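**Q** What follows is a structure written as structure tokens; I'll ask about it next.
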């Protein structure tokens, strides 16, 4: 209306006098309500923001940076993406600066900022470890910022991320006592001696990071431990090696991640873990999944174009008017690069990240008074409706969230995606005898084309672990050794197999539908799958062990109520996860029971040529299966 020269209706006249409304008050209220409702329908983020105001849902977002050009361009990108995504609540940049850095630092006005003391050079130990600024900054914010007293929920992000839609804790499934986080599977220290050394509750140790969404009370309980445990792990240089921490550099660089996970375990937080909310660029997204966070922590490429954040460590791009990162290929070029739809989506996510970063830089340059950028085809694209449509906010659609102790995601090949997921297990002990068997089995597993992942169940005493050198021979779940029975003192290492399986079931949440159980002294020649051999719920598949003659005599009558259901099986077991859960504890219990029945060790009763009770574990399995009346199909694996 101002453009046409007319006076604004119901607004302020140029002289400051309020004009009379030409619309009746009741109609105005109705129109306003209809407009508001329509806007909420069109902009769900506004609805989420409105809902967040009440009912204990005040939300605040934090991210940590240091004084320097490297973090300034990341902060500009993240802040722009949060605005674009419609993230509810306030956002605070926790800026760690040493006193001598502040006078020359140019980025104090980048976003809402809280200056926090720098811990890059530790004030007590002198250790140079900038990553510790994250927990140190959070502790400072909780103690010194009035914001922390007026918030119910906190989202914590990393600076090198682009957000594609609102991150709202309660919509992600977070609860008080159960924060939401992304899955960081490479934190192998959660399963080994690192956890045992640094927390009294290794069973609560979650492999998480990237994005954290939690109740403010949980953050208050955790924050100081997050900092102190980071310091503790950082000082534990004897356990920095890659095979213990998963840190590819073996330098203790991810001590802060372990500090968080250990601190959370100490206060008993159990995470809602999700592997879909965030993606590292360069990875292929899962079918049907729209990640809300793009993490550009690793180098990635699209065709002949590539980007690595480390190449821009000293880049003053924030302060260099109208300079942007090299433009990636246009969407129509990406369309022609790849036929696989999921690979193509991954490429589109990569260019979206850089384009959003560049859009943020462009707007930042304009906000600080840079002259208008010269026209280019790329700038025209960034301002186009097409780009706006491609980068409209994405919303969480209730993808699966696991509340787990350890999340293990089974990766199936494309050709097997229609089949149930499989996980393979085998049991060993801490010794060179089992290590060479592990090397052989692992090599054959990789060559066999077996779908899914494999896990070594490694039974070790605390004393064994101190000197054990084979941590990196296989993906490993560590379990307490029962070789010397903790109650009876009986020396029987074979019982570690059912004990380890039970421990794994109790401490690991798997999305596998079927479990394949092997022995370490095996070589695989091809895939072992339930669809190949006919396994299904209630009908495991195994190999015949005819020498288990105890299934036909007094041994079965003594140790199971269903001797007719005792099957002579062993070696290879393909079993539905629900069946395994039903009878695992019985497998252990029946193994103990048969082992204690020394009166029936004789070869003519058990078939054990040594008559020493050595195959008690095999009978424990068969008798347990008989107890739950599982029916086995036999198939000999060649």
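**Q** Quick check on this structure: which one of 107, 126 is touching a residue at least 24 places away in the same chain (Cβ under 8 Å) and either surrounded by fewer than 23 Cβ atoms within 10 Å (Cβ to Cβ) or not in a loop (DSSP other than H, G, I, E, B) (or both)?
**A** Selected residue: 107, the only one of 107, 126 that is touching a residue at least 24 places away in the same chain (Cβ under 8 Å) and either surrounded by fewer than 23 Cβ atoms within 10 Å (Cβ to Cβ) or not in a loop (DSSP other than H, G, I, E, B) (or both).
**Q** Only residues that are touching a strand residue (DSSP E or B) at 6+ places or on another chain (Cβ under 6 Å) and on the phi > 0 side of the Ramachandran plot: list them for the stretch 244-292, please.
**A** Matches in the stretch 244-292: 282 only.
**Q** Looking at the stretch 370-377, is at least one residue at pLDDT 90 or above and under 23 Å from residue 283 (Cα atoms)?
**A** Within the stretch 370-377 (the criterion being at pLDDT 90 or above and under 23 Å from residue 283 (Cα atoms)), the answer is no, since none of the residues qualifies.
**Q** Okay, moving on. For the stretch 141-154, does any single residue satisfy the condition of being modelled with pLDDT of 95 or more, buried (at least 23 other Cβ atoms within 10 Å of the Cβ) and either in the same structural domain as residue 349 (by TED's automatic domain parsing) or within 15 Å of the chain's Cα centre (by Cα) (or both)?
**A** yes
**Q** Which one of these is out of contact with any strand residue (DSSP E or B) (no Cβ under 9 Å at 6 or more places or on another chain) and closer than 27 Å to residue 246 by Cα: 453, 467, 496?
**A** Answer to the selection: 467.
**Q** Filter the stretch 470-493 down to residues that are in contact with a strand residue (DSSP E or B) (Cβ under 6 Å, 6 or more places away or on another chain) and either assigned by TED's automatic domain parsing to the domain that holds residue 244 or under 21 Å from residue 187 (Cβ atoms) (or both), then give me how many there are.
**A** 6
**Q** Going through the stretch 133-166 one residue at a time, which ones are in a helix (DSSP H, G or I) and under 17 Å from residue 70 (Cβ atoms)?
**A** Correct list: 133, 134, 137.
**Q** Does any residue of the stretch 108-122 turn out to be in contact with a helix residue (DSSP H, G or I) (Cβ under 7 Å, 6 or more places away or on another chain) and farther than 30 Å from residue 315 by Cβ?
**A** no
**Q** Which count do you get for residues in the stretch 571-615 that are at positive phi and buried (at least 20 other Cβ atoms within 10 Å of the Cβ)?
**A** Count: 2.
**Q** Need the failing condition index for residue 240 against (1) over 30 Å from residue 348 (Cβ atoms); (2) at pLDDT 95 or above, just the number.
**A** With respect to (1) over 30 Å from residue 348 (Cβ atoms); (2) at pLDDT 95 or above, residue 240 is out only on (2).
**Q** Is it the case that some residue within the stretch 210-230 is at pLDDT below 95 and touching a strand residue (DSSP E or B) at 6+ places or on another chain (Cβ under 8 Å)?
**A** So far as the stretch 210-230 goes, yes, one or more of its residues are at pLDDT below 95 and touching a strand residue (DSSP E or B) at 6+ places or on another chain (Cβ under 8 Å).
**Q** Filtering the stretch 196-209 down to residues that are within 27 Å of residue 279 (Cα to Cα) and modelled with pLDDT of 90 or more, which residue is surrounded by the most Cβ atoms within 10 Å (Cβ to Cβ)?
**A** Restricting to residues being within 27 Å of residue 279 (Cα to Cα) and modelled with pLDDT of 90 or more, the top hit is 208.
**Q** A follow-up question, please. Just one of 98, 85, 131 is under 27 Å from the mean Cα position of the chain (by Cα) and closer than 25 Å to residue 230 by Cα; which is it?
**A** Every option except 131 fails the conditions.
**Q** A further question follows. Inside the stretch 110-122, can you point out the residues that are farther than 25 Å from residue 255 by Cα and either buried (at least 18 other Cβ atoms within 10 Å of the Cβ) or not assigned by TED's automatic domain parsing to the domain that holds residue 76 (or both)?
**A** Within the stretch 110-122, 110, 111 meet the criteria.
**Q** Sticking with this structure for a sec: Take residues that are in contact (Cβ under 8 Å) with a residue 60 or more places away in the chain, within 21 Å of residue 584 (Cα to Cα) and more than 23 Å from the chain's Cα centre (by Cα) and tell me which of the strands (runs of 3 or more DSSP E) falling wholly in the stretch 462-548 contain 3 or more.
**A** Where strands (runs of 3 or more DSSP E) fall fully within the stretch 462-548 and carry at least 3 residues being in contact (Cβ under 8 Å) with a residue 60 or more places away in the chain, within 21 Å of residue 584 (Cα to Cα) and more than 23 Å from the chain's Cα centre (by Cα), they are 514-519, 541-544.
**Q** Which members of the stretch 347-366 meet the condition of being surrounded by fewer than 21 Cβ atoms within 10 Å (Cβ to Cβ) and touching a strand residue (DSSP E or B) at 6+ places or on another chain (Cβ under 8 Å)?
**A** Of everything in the stretch 347-366, just one residue is surrounded by fewer than 21 Cβ atoms within 10 Å (Cβ to Cβ) and touching a strand residue (DSSP E or B) at 6+ places or on another chain (Cβ under 8 Å), namely 352.
**Q** While we're on this one: Could you identify the single residue in 314, 352 that is in the same structural domain as residue 231 (by TED's automatic domain parsing), outside any helix (DSSP H, G or I) and touching a residue at least 40 places away in the same chain (Cβ under 8 Å)?
**A** 314
**Q** Could you list all residues from the stretch 549-563 that are in a helix (DSSP H, G or I) and touching a helix residue (DSSP H, G or I) at 6+ places or on another chain (Cβ under 8 Å)?
**A** Across the stretch 549-563, the qualifying residues are 549, 550, 551, 554, 555, 556, 557, 558, 559, 563.
The values are calculated or read from the model by the stated rules, or taken from the named source; none is laboratory data. Nothing here was measured: the structure is a model prediction, and the numbers come from that model. A quick note on method: Cβ atoms are made from the backbone with ideal geometry, for glycine too, and the neighbour counts reach across all protein chains shown.
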